[in-house]
Amino acid sequence: MRRPSDTSRAADPPWRRARLQRRGLCAWLLLAGHLQPERTYVWVANRDHPITTPSSAMLAINNRSNLVLSDSKGHALWTATATKSTITGGDGAYAVLLDSGNLVLRLPNGTIIWQSIDHPTDTVLPNIKFLVSYKAQVVGRIVAWKGPDDPSTGEFSVSGDPNSNFQVIIWQGTKKYRRIIMLDSVWVTGGAYGSNTTYIMVETDVITKDEFYIMFTTSDGSPYARATLDYMGIIWIWHWNIESSSWTAFPQSQDSTGDCARYASCGPFGYCDFTSVTPMCQCLDGFEPDGSSSSRGCQRKQELICGDGNHFVNLPGMKVPDNFLHIRNRSFDECATECSRNCSCTAYT
């Protein structure tokens, strides 16, 4: 696999190998890190079409400038299709594995006609933009492995919400499993991951006129890092620990909230209280449990009579609710006025 000499981030970049990896009687083409003693796979080509005879597999560029992985009988198991419709044979396309971990198809003039970051599997690498949606249409999707040693398509995935351009969801099949990013009037937000003294990686969530994207960035000289979705539906933020020669997860990324923070686990008018030792479902002020199961949510203690001296209560630290209506170009006071005169409006932010 060809690698350019002018794209190095460090003297010894971590993502430098595309290889066939055997799992039992099958094999897949994976992008592998060389950090020893642990080999880390960050991208899979033929995840749902494994090779049964790895010794006779072939990876080549055909006369349409497509990168094709074939079995011993010449059957295409996976194809990276060039995006330029005018490309013909003889353009001299070649494959390059960049030090960023991005596998690209290039023309001699430097034009990229295909790249693996547009087709992620279960991993997002730093300093590469993950496009969630474009012009309100969901684009990017992270899909977990089926098991710890099985890179085929799993049941958990991460993508934007097709019904809202302001949130990112962990899905279990077609059902919402967890809401992980919710934006309201803030067009650039994010967070930092690291120790108390050092930030290893910074997450930035950005909405522009046409795009909603996420980017994890690292500074020069910082440890290598990555974000992954595992086969149990948990997102992990990892960094390379030089002293132990192993990957270490940030505590912020662990699934410490249990069932409480899963989608709709606290039901209508319920919320997950993280201030207690063990996070648990609670009812908002003025509400009481609706039955013995927290998933049934809460009900009003007193029936609401619209317009009869009602007022809104400030609830800090709450997520924007699902299926919210976004009204542009309104100040906070204008939102309050508009919600007050609409009996179906239960909250605003």
Starting from one equal scatterer on each C-alpha and no solvent at all, send me the Debye-based log10 I(q)/I(0) for the range 262-302 at q = 0.14, 0.22 Å⁻¹, two decimals.
-0.26, -0.62
Testing the spin-label approximation: label points 7 Å from Cα along Cα→Cβ at residue 58 and residue 249. State their distance in nm.
4.3
As straight-line cross-link partners of residue 301, the qualifying aspartates and glutamates (C-alpha separation under 17 Å, not fewer than 8 residues apart within one chain) are 285, 288, 290
Hull surface over four for the Cα convex hull of the range 224-349, reported in nm², is 11.6
Run the reach check for residue 135 against lysines, Cα to Cα strictly under 28 Å, same-chain hits fewer than 8 apart removed. What comes back?
84, 175, 176, 209, 319
May I ask you to compute the full-extension gain from residue 146 to residue 163, defined as 0.36 nm times their residue separation minus their alpha-carbon distance, rounded to one decimal in nm?
3.5 nm
Averaging over every viewing direction, what projected area does the convex hull of the Cα atoms of the range 288-340 cover, in nm²?
5.3
With a Förster radius of 45 Å, plug the Cβ-Cβ distance of residue 326 and residue 278 into 1/(1 + (r/R0)^6) and report the FRET value to the nearest 0.05.
0.85
Keeping all protein chains in the complex and leaving out DNA, RNA and ligands, what accessible area do you get for residue 278 with a 1.4 Å probe, in Å² to the nearest 10?
100
Accessible area of residue 311 in the full protein assembly, 1.4 Å probe (Å², nearest 10):
140
Ordering 209, 175 by how much accessible area each has at a 1.4 Å probe, largest first, what is the list?
209, 175
Would you tally the net charge around residue 204, using a Cβ to Cβ cut-off of less than 13 Å, leaving residue 204 out, and scoring K and R as +1, D and E as -1?
-2
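The values are calculated or read from the model by the stated rules, or taken from the named source; none is laboratory data. Keep in mind that what you see is a predicted model, and the values were worked out from it rather than measured. Cβ atoms come from the backbone with ideal geometry, glycine included; neighbour counts cover every protein chain shown. To get the accessible areas, we keep the full protein, side chains included, count just its heavy atoms, and leave off ligands, DNA and RNA. Shrake-Rupley method; radii C 1.70, N 1.55, O 1.52, S 1.80 Å.
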